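Have a look at the structure below, then the notes.
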Amino acid sequence: MRLLLDVHVSSRYLGRPLRRHGHDIHALDTDERNKELVDAEVLELAAAESRILITHNVKDFAPELRRRQESGRHHAGCILVTLPHSAYGDILRQLEVLFAVLPTTADWRDRVVWVSRSPTT
């Protein structure tokens with residue numbers, strides 16, 4: 001999968017393992033040129049690069065995604081993570097399950113998925 005990690009998503013603890021599993025990662029926390037983008041610009045960048053956005057910023061991106069949908073603009077998919085930033089193992093496990101269940105770019109178009117509580121708790 002082509003993924004865009006929002007600035008507060010760790011390229012070290014999430015990006016590296018995802019890359020090792022074959023995903024194409026663009027991490028904003030290591031991208032000086034795009035590090036300061038506002039939320040609408042991040043979503044536009046993800047759409048332009050056909051990347052699924054992964055973010056912890058649910059508060060701002062949920063309404064931004066709704067506005068985008070209401071205006072008829074598409075996106076490549078978004079994963080809203082409500083688990084703590086430090087729950088890397090749980091986040092990675094849930095992401096890999098999602099990518100197994102939704103394995104194609106077409107599966108993700110305009111889809112918003114939440115990664116929250118561990119399914120085993």
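Observations on the model:
- Among 61-67, 50-56, the peptide with the highest mean count of other Cβ atoms within 10 Å heads the list, and the full ranking is 50-56, 61-67.
- Paramagnetic reach from L102 (point 7 Å along Cα→Cβ, amide N under 12 Å) across region 58-89: 75-81
- Taking label positions 7 Å along the Cα-Cβ direction at both S50 and S116, the computed distance is 3.2 nm, reported to one decimal.
- Around L43: net Lys/Arg minus Asp/Glu count, Cβ-Cβ under 13 Å: -3
- Prolate/oblate/rounded call for region 34-79, Cα gyration tensor, a/c under 1.5 rounded: rounded
- For region 69-111: span of alpha carbons on each principal axis (Å, largest first): 35, 21, 9
- Dividing the mean sequence gap of close Cα pairs (under 8 Å, 6+ apart) by how many residues region 1-47 holds gives a relative contact order of 42 percent.
- The calculated P(r) of region 2-115, using every Cα pair and 5 Å bins from 0, goes 2, 12, 25, 27, 21, 10, 2, 0 in percent.
- Distance between the pseudo-spin-label points of R67 and T82 (7 Å out from Cα toward the beta carbon): 2.2 nm.
- Bridge type composition, the chain - antiparallel percent by DSSP, nearest 5: 0
Only the coordinates and a few stated rules stand behind these numbers; no lab work does. The shown structure was predicted, so the numbers you read here are calculated from the model rather than taken from an experiment. FYI the Cβ positions are ideal-geometry reconstructions off the backbone, even for glycines, and counts take in every protein chain you see.
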